[in-house]
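Just so it is clear, none of the values below were taken in a lab; they were calculated from the coordinates. Because the structure is a prediction, the values reported are computed rather than measured. Positions of Cβ are generated from backbone atoms using ideal geometry, with glycine treated the same way; all protein chains shown enter the neighbour counts.
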């Protein structure tokens, strides 16, 4: 009886473990065949995302970069690491111990430290960032893993094994190839596998050391998390299937190899495979060299992830016969870090307060408005805003505000009349998503209290802090990042704080939702295109801005991304067609209480951050 | 006769420690030569210098009259059998033995023939496909010998090859090694710390200690006529007594004068005398110059080991006769049983 129980419970335990590992993977695979964009609702089988994947040149290029960097980094670091390990085993004890200890540092080091270190190194050596720097960085962090997995195998060897081979007539190189390497093969394979895995899914280091538009899959996925793109599911599914295939092959290989037909086959293969391998290497090296060769007419654009219709980039390249190096960031702050580290761009598309900061730090060129023929297309209401009066440095790209996204079937209309206070209504306890960002949260509290969201009055901030603490006590909201988009598409909670553009997109996927902006005011924002001081080709930069202000292009962009276009014609068109009856696409423009974020003094910023931490830890 | 290998004043230092302090040695064709000594005496280093794994700091190493100190091991006409065999675990018995020939890109059919011949020589026919890690110590040993001999070296170097085997197997392998050496007819240089092994197999024994060669000679020479106290003590058991050489063939120790057969010492020179325990007879107390009391008697199988306390020292005697503890006895030996050595400085 007891035995039976033990068996059942251990079985259950194993089943749970497997479920924990594999359910997420299976869900990803299922949703890669979803006919709609949603991650929450399965609306039917379709290969749409696979098609999108093949057509998505950005992702395919990233796959190419990831795979080729991983292959090269693995090959080079395996050779380097193995040679080092063999050398170490023959060196003096003190040297050996020191090097092995030093070797462990990069392994234990947080990736971010290695990343920044490498970035600074490349910048200070004036090595242009791109494929080569990424490859070098990958070799650099893969090699220690190879050393650690090969070295113990070498220590297991008989001290005389190399001598024995040389004694029998082998040159040192023959001894290495015919005796040492075959004997430490398990260690080398383990190291290779580790190196490949580390390389292929590295994000942090690649992010900091890459440049000039060279991006790997991790970077694309990470920057795309704001608006999760189901193409990623399709890609993940393919990767998973490839891994399953590899595992099956490895498992079956010993059995298959023993059959006679395979032996016969095997004897014929080697030379051919070697030739194929050489050819592949040759092609890859050629591709790399091509990448290194600079293009005379290029424009480097730095934009938030999932914030453009990719076809516009291609169209621009074709129209002006140039090359656009397009890179993405995940937040204004990480963009700032990268730019300050010396990475050079021609065009950047930051948010209002960041534009103010960059302008203040003399990082931007003044825009010569005579050179923009489409400037008149922009809605006048969006020009001359306090963060950049007279639009000296920036031209609007997208705009919107922040409001409450609510479930019409749950939230009563009369409750909404309370404005921001609805977020403290105990009726919606445990049913609210707040944005996990101090500035957005304080904006709500300040506006609820009737203050300016750019206040530097500590008394006002203290009162806002109290407002937030009380909110937490009353309704216990969940503080969330961009995951809120998917959660709201699934209709998980009654209310959420959401940016208007995201709200427009969410509402197009879930018709039960409405968007409400309280009368007491909210945060209006504009993301603008700026030209940096480093810009090498200002003619092309102006053309880019003009291109984006072309009504046709602007409406295509706005339709894809879901944010409101500043171009009057495009805005009107989209609000009447694609996002008709979608109140989030048409943020109000006439409320005197609405404000833009301004650059915050560091002292106030710190103060807010402290208060925000206290709110969350209540 | 010209030496096949000649070491001239070879020195070697490791980490500030001088391991070899000037080795001079001639090794001839077909010779079974053993380097014998305690651990740390430099015997393995000497072997590794001959093999080419280590380079000497000074001196000359001649092979067939040609200096080879700078030659890498793979160019030397010697092969080595290592202490722990150093077989290649990723290769089977056949491929291990064929390694040297395969490196030389020998034709497959020749390799096969040669490997079979070697397997027969070491008594492992039929083991071709076996995994070397599945073999017993003795079998691995044979593979190691075959792997070395297949290259037809002029000299085979063996570094304590029997060290890892049990006593009985070691005896068998000693016999077998000697047989193989006679069959292939090449020089063996054998390193061991086991004096019995050295005495029973070698044509020449080289006794080493502390980086120096102490004595070179046939097994009987080094046993019967050790050149100094170290050799006498290291090889076999002995009673070593300080004494004075009165003149040729007359030596004095323990208050008496004894006739002996040793010559060539200065008159009244301080010397040391070796008396092997089996060369001393126990007789009635009044029948010998030296007398003493039996203090202990231990049965050793073939003989008894008896300790006799005389006026100045304790003597060890090996005899097949039993003598009771406490008995007063005389110790007798003939002139030819006395061996006189230089006194060690």
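Please provide three numbers in whole Å: the alpha-carbon extents of region A:76-161 along the principal axes, with the largest listed first.
47, 21, 19
Using bins 10 angstrom wide from zero, how does P(r) for region A:362-504 break down, in % of all Cα pairs?
Per 10 Å bin, starting at zero, the Cα-Cα P(r) for region A:362-504 comes out as 10, 33, 28, 20, 9, 1 percent.
Given 25 °C and 0.890 mPa s, how large is the Stokes-Einstein diffusion coefficient of region A:53-234 in µm²/s, with Rh as the Kirkwood radius over Cα pairs? Mind showing how you got there, number by number?
Numbers: Rh = 17.9 Å.
Using the Kirkwood radius from Cα pairs, D works out to 137 µm²/s.
Taking only C-alpha pairs under 8 Å that are 6+ residues apart, what is the relative contact order of chain A in percent? Let's see the in-between values first.
On the way: 871 pairs, mean separation 95.0, N = 618.
Averaging sequence separation for qualifying contacts and normalising by length gives 15 percent for chain A.
Which whole-number percent is the relative contact order of region A:53-234 (Cα, under 8 Å, 6+ apart)? Write out the running numbers ahead of the final one.
Numbers: 203 pairs, mean separation 71.7, N = 182.
The normalised contact order for region A:53-234 reaches 39 percent.
Between helix B:108-121 and chain B, what is the angle of the helix's C-alpha long axis to the longest principal axis, kept within 0 to 90° and rounded to the nearest 10?
The angle comes out at about 20 degrees.
Give the peptides A:354-362, B:311-319, A:74-82, A:561-569 in descending order of average Cβ contacts within 10 Å, highest first. Please list the in-between numbers first.
Working: A:354-362: 18.0, B:311-319: 15.9, A:74-82: 21.6, A:561-569: 23.4.
Final packing ranking: A:561-569, A:74-82, A:354-362, B:311-319.
Report the FRET efficiency, 1/(1 + (r/R0)^6), for residue B:310 and residue B:267, where r is their Cβ-Cβ distance and R0 is 35 Å, rounded to 0.05.
Values: r = 26 Å, r/R0 = 0.75.
It comes out at approximately 0.85.
Treat region B:221-268 as a sphere of radius equal to its Kirkwood radius over Cα pairs and apply Stokes-Einstein at 10 °C in a medium of 1.306 mPa s; give the translational diffusion coefficient in µm²/s, rounded to a whole number. Show your work: numbers first, answer last.
Numbers: Rh = 11.7 Å.
In µm²/s, the coefficient is 136.
So what's the angle, to the nearest 10 degrees on a 0 to 90 scale, between helix A:438-448 and the longest Cα principal axis of chain A?
Taking the Cα atoms of chain A, the angle to A:438-448 is about 20 degrees.
Which residue, B:55, B:114, B:172, has the most motion in a Gaussian network model of chain B that connects Cα atoms within less than 10 Å?
Top of the fluctuation ranking is B:172.
How much length is gained if the chain between residue A:437 and residue A:318 is pulled fully straight, taking 0.36 nm per residue apart and subtracting their Cα-Cα distance, in nm to one decimal?
38.8 nm
Simple spin-label model, 7 Å along Cα-to-Cβ: residue A:156 to residue B:286 in nm?
So the two model labels end up 7.8 nm from each other.
Can you compute the equivalent ellipsoid semi-axes for region A:512-592, i.e. the square root of 5 times each eigenvalue of the Cα gyration tensor, sorted largest first and rounded to whole Å? Intermediate results must be reported in sequence, preceding the final value.
On the way: eigenvalues 163, 58, 18 Å².
Rounded to whole Å, the semi-axes are 29, 17, 9.
Can you bin every Cα-Cα distance in region A:574-618 into 5 Å intervals starting at zero and give me the percent of pairs per bin, rounded to whole numbers?
5, 16, 12, 12, 12, 13, 13, 10, 8, 1
I'd like the mean, over residues of A:149-160, of how many other protein chain beta carbons sit within 10 Å of each residue's own Cβ. It would help to have the intermediate numbers written out before the result.
Working: counts 0, 0, 0, 0, 0, 0, 0, 0, 2, 8, 4, 9.
Counting Cβ atoms of other protein chains within 10 Å of each residue's Cβ and averaging gives 2.
How many partner chain Cβ atoms sit within 10 Å of a residue's Cβ in peptide B:79-88, on average, as a whole number? Write out the running numbers ahead of the final one.
Working: counts 4, 6, 2, 7, 3, 4, 3, 11, 3, 10.
Mean inter-chain Cβ contacts per residue within 10 Å come to 5.
Compute the distribution of all C-alpha to C-alpha distances in region B:5-229, in bins of 5 Å from 0, and list the percent of pairs in each, rounded to whole numbers.
1, 7, 15, 18, 19, 16, 12, 7, 3, 1, 0, 0
For peptide A:167-179, what's the mean number of Cβ atoms from other chains within 10 Å of each residue's Cβ?
Values: counts 18, 19, 12, 7, 5, 3, 0, 2, 3, 0, 0, 6, 6.
Per residue, the number of nearby Cβ atoms from other chains is 6 on average.
Taking region B:238-342, how much of its Cα-Cα pair set, in percent, is spaced more than 18 angstrom apart? It would help to have the intermediate numbers written out before the result.
Working: 2480 of 5460 pairs.
I get 45 percent for the Cα pairs in region B:238-342 exceeding 18 Å.
R0 = 41 Å: FRET efficiency of residue B:3 with residue B:327, Cβ-based, nearest 0.05?
Working: r = 54 Å, r/R0 = 1.32.
Working from the Cβ atoms, E equals 0.15.
Over 49 Å, how big is the tail of the calculated P(r) for the protein assembly as shown, in percent of all Cα pairs? It would help to have the intermediate numbers written out before the result.
On the way: 235979 of 463203 pairs.
Pairs farther apart than 49 Å: 51 percent.
Grab the beta carbon distance between residue B:116 and residue B:175, set R0 = 25 Å, and tell me the FRET efficiency rounded to 0.05. Before the final figure, lay out the partial values.
Numbers: r = 23 Å, r/R0 = 0.93.
In this case the efficiency is close to 0.60.
Considering chain B as a Gaussian network with a 10 Å cut-off on Cα pairs, which listed residue, B:212, B:28, B:304, attains the greatest mean-square fluctuation?
Maximum fluctuation in the GNM of chain B, among the listed residues, is at B:304.
Name the residue, out of B:78, B:261, B:231, whose mean-square fluctuation peaks in a Gaussian network model built on chain B with Cα pairs under 10 Å.
B:261
Given the C-alpha atoms of region A:1-134, compute the convex hull and give its volume per residue in Å³.
On the way: hull volume 33.2 nm³, N = 134.
Dividing the Cα hull volume of region A:1-134 by its residues yields 248 Å³.
Show me A:579-589, A:136-146, A:192-202 ranked by packing, highest mean number of other Cβ atoms within 10 Å first.
The peptides rank, most packed first, as A:136-146, A:192-202, A:579-589.
Can you bin region B:177-237 into rounded, prolate or oblate? Criterion: square roots of the alpha carbon gyration tensor eigenvalues sorted a ≥ b ≥ c, rounded for a/c under 1.5, prolate for a/b above b/c, oblate for the rest.
Numbers: a/c = 2.31, a/b = 1.92, b/c = 1.20.
Prolate is the answer for region B:177-237, as a/c is 1.5 or above and a/b outweighs b/c.
Compute the long axis of helix B:167-184 from its Cα atoms, compare it with the longest principal axis of the Cα atoms of chain B, and write down the angle in degrees, 0 to 90, nearest 10.
The angle comes out at about 60 degrees.
Run the helix sum for the protein assembly as shown: -39,500 (n - 2.57) per DSSP H stretch of 4+ residues, divided by residue count, reported at 222 nm to the nearest 500 deg cm²/dmol. Don't skip to the end; give the middle numbers.
Numbers: 33 runs with 443 residues, N = 963.
Computed ellipticity for the protein assembly as shown at 222 nm equals -14500 deg cm²/dmol.
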